[in-house]
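Student: One structure is given below, represented as C-alpha cells, and several questions about it will come after.
The values are calculated or read from the model by the stated rules, or taken from the named source; none is laboratory data. No experiment lies behind these values; they were computed from the predicted model shown. Here the Cβ positions follow ideal geometry from the backbone for every residue, glycine too, while neighbour counts run over all protein chains shown.
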Amino acid sequence: MIFNQFFDKTSSTYTYLISSGKGREALIIDPVIENTEEYILYLKRFNLKLVKVIDTHIHADHISGLKELQNQTSCATLMGDQSPAEVVTLKVKDNEKIKIENIELISMHTPGHTDCSYSFYMNDRVFTGDTLLINSTGRTDFQNGNSIDQYHSLFDRILKLPEKTFVYPAHDYKGNKSCTIAKQKKTNPRLQVKSAEQYVEIMNNLNLDIPKMMDVAIPANKKGLTIKELNES
Ligand SMILES: [Fe+2]
C-alpha cells in the first residue's frame, strides 16, 4: 500500500494520499489548494490515477483542493451527505463503504466540529478530520458546531473503534503525526471527562480567536474554487 501524509505549513493541515500500490488508483483526503502541484507530482511519481478526493468537512482555515483536483484529474469529489459544498459529486451517509480497487473506507458521520463532519475508518486507521485531534478536539463554536454532538461522536463512535487504531487528524499544531485510540483515551485532556456536560463546559471556555481565513475559506469551500479562480479573486 502507498500511504503519504502531506503537511501544509500555513494552516497546519494534514492531507492523506492512499493507494493500493504503484500504477493503481488513489484517493486523497483533505487537500489544500495551494499544494495541488505537490499532490500531482506525487501521483505522477508512482503512476497513480486519482479517482476520489474527500473533504472531511467544510474547512474554515484553508481553501480546499477538491475542485482544482477534480479539474485536473476528473476525479470524483466526496463529502458527507450534510455538506453544503456545491463541488461535491458524491455524497455519503453514515456507515457507507468508499472503495478504490482493494481499499475500503467506512464513512462515519461524526458531527460536532461542524454538522457535516465525517471521519473515515480504514482497517488499522481512522481519519478523524477535526473531530478528534491529537491531544485535543476540534472547536465547536461556528458552522453549526455543537459540543454535545461532538461528545457523542467521540465517545460513542470514534473511541469505540479498536484501541490499536491509528488516529490521523486533519491538523496538528505541535508536530504530532498520529497516535492510537488507546493513547488518546489516556492522554487527551479533553477526553478525561465523566459526562457530556463536563465536555460542554470545557468547550464553552476555550476562548479561541476566529480563524484568520474564515471569511474567505468557508464561502470558497462551499462553492469550490480552482487555482485560476483563486488567483483572480
Ligand atoms: Fe475544521
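Student: For residue 85, all conditions in the list (1) over 19 Å from residue 105 (Cβ atoms); (2) surrounded by 20 or more Cβ atoms within 10 Å (Cβ to Cβ) hold save one; what is the number of the exception?
Tutor: Residue 85 satisfies every listed condition except (1).
Student: Continuing with this model, one more query. Mind checking which residues of the range 134-157 are without any contact (Cβ under 8 Å) to a residue 60 or more places away in the chain and aromatic (Phe, Trp, Tyr)?
Tutor: 151, 155 - these are the residues of the range 134-157 that are without any contact (Cβ under 8 Å) to a residue 60 or more places away in the chain and aromatic (Phe, Trp, Tyr).
Student: Let me ask something else. Do you know which residues across the range 78-88 are within 16 Å of the ligand (Cβ to nearest atom) and outside any loop (DSSP other than H, G, I, E, B)?
Tutor: The answer is 79, 80.
Student: Let me confirm something: among 227, 181, which residue is surrounded by 13 or more Cβ atoms within 10 Å (Cβ to Cβ), over 21 Å from residue 15 (Cβ atoms), touching an Asp or Glu at 6+ places or on another chain (Cβ under 8 Å) and not acidic (Asp, Glu)?
Tutor: Going through 227, 181 in turn, just one is surrounded by 13 or more Cβ atoms within 10 Å (Cβ to Cβ), over 21 Å from residue 15 (Cβ atoms), touching an Asp or Glu at 6+ places or on another chain (Cβ under 8 Å) and not acidic (Asp, Glu): 181.
Student: Continuing with this model, one more query. I'd like the full set of residues that are touching a residue at least 12 places away in the same chain (Cβ under 8 Å) and surrounded by fewer than 17 Cβ atoms within 10 Å (Cβ to Cβ), limited to the range 6-33.
Tutor: 10, 12, 20, 21, 22, 23
Student: Answer yes or no: is there a residue in the range 58-77 that is part of a strand (DSSP E or B), away from the ligand (no atom under 16 Å from the Cβ) and either more than 23 Å from residue 188 (Cα to Cα) or in contact with a Lys or Arg (Cβ under 7 Å, 6 or more places away or on another chain) (or both).
Tutor: Quick first cut of the range 58-77, residues part of a strand (DSSP E or B) only: 64, 76-77.
If we keep only those that are away from the ligand (no atom under 16 Å from the Cβ) as well, we get 76-77.
Remaining after also requiring either more than 23 Å from residue 188 (Cα to Cα) or in contact with a Lys or Arg (Cβ under 7 Å, 6 or more places away or on another chain) (or both): 76-77.
Checked against the condition, which is being part of a strand (DSSP E or B), away from the ligand (no atom under 16 Å from the Cβ) and either more than 23 Å from residue 188 (Cα to Cα) or in contact with a Lys or Arg (Cβ under 7 Å, 6 or more places away or on another chain) (or both), the range 58-77 yields at least one hit.
Each row is one residue, and each column tells you yes or no for (1) within 14 Å of the ligand (Cβ to nearest atom); (2) modelled with pLDDT of 95 or more.
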| position | (1), (2) |
| --- | --- |
| 134 | no, yes |
| 138 | yes, yes |
| 143 | yes, no |
| 161 | no, yes |
| 165 | no, yes |
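Student: Just to verify a result, which residue in the range 43-57, among those that are touching a Ser or Thr at 6+ places or on another chain (Cβ under 6 Å) and away from the ligand (no atom under 16 Å from the Cβ), is farthest from residue 97 (Cα to Cα)? Spell out the reasoning first.
Tutor: Here is the first cut: in the range 43-57, the residues touching a Ser or Thr at 6+ places or on another chain (Cβ under 6 Å) are 48, 50, 53, 55, 57.
Subset that is away from the ligand (no atom under 16 Å from the Cβ): 48, 50, 53.
Numbers: 48: 21, 50: 18, 53: 14 Å.
Residue satisfying both the conditions and the ranking: 48.
Student: I've got another one for you. Do any residues in the range 179-200 that are closer than 19 Å to residue 146 by Cα have Cβ atoms under 6 Å from those of residues that are buried (at least 19 other Cβ atoms within 10 Å of the Cβ), where the two are at least six apart or on different chains, and which pairs are they?
Tutor: 190/137; 193/199; 196/151; 199/151; 200/147
Student: Being free of Cβ contacts under 8 Å to residues at least 24 places away in the same chain, part of a loop (DSSP other than H, G, I, E, B), small (Gly, Ala, Ser) and farther than 13 Å from residue 128 by Cα is the requirement here; does residue 175 meet it?
Tutor: Here the answer is yes, as residue 175 does meet what is asked.
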